[in-house]
Amino acid sequence: MIKKQSVGIWFNIIVAVLTIVSVIVYSVNISGEGYFQNASVANLVAYCVIAVVMLAAVIALAQPKVTGTAAIVTEIISGLLRIAVPVLLTLCLVNLISARAEGLGFIYFSNADVLQEVQTPANMSSATGTIANMICLGAAAVFAMIAAFFTLRKKEA
């Protein structure tokens, strides 16, 4: 069953894994010590969960072999979901960047006289976690955009 999956399915699985990793990194970042402790971003986790559910639906819709009108409806729904996922992930990334830009600027680009007080190990760890979160979300969004261009079913010979 695993070998029979198309490239499009594999890309969607990669997107789902990157999205889940992104939520884990985000959760660790806001629960750990440092500058961004308890600084949650509105709807980030909810949008990521919705995106993963949509990806699961895309993968599930690609599995059964349907014909006729059901195949057309399934393809339309799957196409809409594959468009919505990168939109949601990009929205998460933009929200995260806008919520964290000022803090990252403060940590990395403060005046020299306060730099020692600002760049504590906890704050640097928090900033690094935020950057890792941004990279995971960005990669998930890019892979989701790429996945939308691949077919979800292998062609039968």
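The values are calculated or read from the model by the stated rules, or taken from the named source; none is laboratory data. Being a predicted model, the structure only gives us computed values, none of them experimental. Note that we place each Cβ from the backbone using ideal geometry, even for glycine, and neighbour counts take in every protein chain shown. Note: accessible area is taken over every heavy atom of the protein model, side chains too, but ligands, DNA and RNA are not part of it. Shrake-Rupley method; radii C 1.70, N 1.55, O 1.52, S 1.80 Å.
What's the total number of residues in the stretch 32-46 that are acidic (Asp, Glu) and closer than 11 Å to Thr130 by Cα?
Keep residues of the stretch 32-46 that are acidic (Asp, Glu), which gives 33.
Then drop every residue that is not closer than 11 Å to Thr130 by Cα, which leaves none.
Summing the residues that are acidic (Asp, Glu) and closer than 11 Å to Thr130 by Cα in the stretch 32-46 gives 0.
Taken over the stretch 141-157, the residue count meeting the criterion of being in a helix (DSSP H, G or I) and modelled with pLDDT under 85 is 0. Within the set Val73, Val66, Val114, Val87, the sole residue that is out of contact with any Leu (no Cβ under 6 Å at 6 or more places or on another chain), aliphatic (A, V, I, L, M) and closer than 20 Å to Val52 by Cβ turns out to be Val87. Counting only residues that are surrounded by fewer than 13 Cβ atoms within 10 Å (Cβ to Cβ) and under 16 Å from Phe149 (Cα atoms), the stretch 48-63 holds 0 of them. Taking the criterion of being of a type outside the set (Ser, Thr, Tyr) and either outside any helix (DSSP H, G or I) or in contact (Cβ under 8 Å) with a residue 12 or more places away in the chain (or both), the residues of the stretch 67-78 that qualify are Gly68, Ile77.
Within the stretch 78-118, restricting attention to residues that are of a type in the set (Val, Ile, Thr) and under 23 Å from the mean Cα position of the chain (by Cα), the residue that is surrounded by the most Cβ atoms within 10 Å (Cβ to Cβ) is Val85. If the condition is being more than 20 Å from Val25 (Cβ to Cβ) and open to solvent by less than 40 Å² (accessible area, probe 1.4 Å), then the stretch 120-147 contributes only Ala147.
Scanning the stretch 64-77 for residues that are open to solvent by 70 Å² or more (accessible area, probe 1.4 Å) and under 20 Å from Val7 (Cβ atoms) yields a count of 2.
Taken over the stretch 4-39, residues that are buried (at least 21 other Cβ atoms within 10 Å of the Cβ), over 30 Å from Glu117 (Cα atoms) and among the small types (Gly, Ala, Ser) amount to 2.
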